[in-house]
């Protein structure tokens with residue numbers, strides 16, 4: 001199956017890689033938290049990445065590849 005002209009498996013793998021890299025870099029990118037200010041943008045982006053990873057892991061585990 002294709003997503004925007006790209007094979008779906010590649011989209012999933014690249015999404016996990018970019019998401020993991022972003023989660024790794026948050027302490028360096030989020031300077032507001034170092035000053036003691038809340039950073040809602042990075043919080044919501046982090047939550048979205050974690051939900052993406054959980055949903056795709058579940059789908060990859062449960063969906064039959066022969067459909």
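The figures follow:
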read-out: Folded to 0 to 90 degrees: helix 8-29 orientation relative to the chain principal axis, Cα; value: 10 degrees
read-out: Helix-only CD estimate at 222 nm, as mean residue ellipticity for the chain, using -39500 (n - 2.57) per DSSP H run (n ≥ 4); value: -24500 deg cm²/dmol
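The numbers here are math on the coordinates, done by the rules we state, and not lab data. In this text the structure is predicted, and so the values were computed from the model without any measurement.
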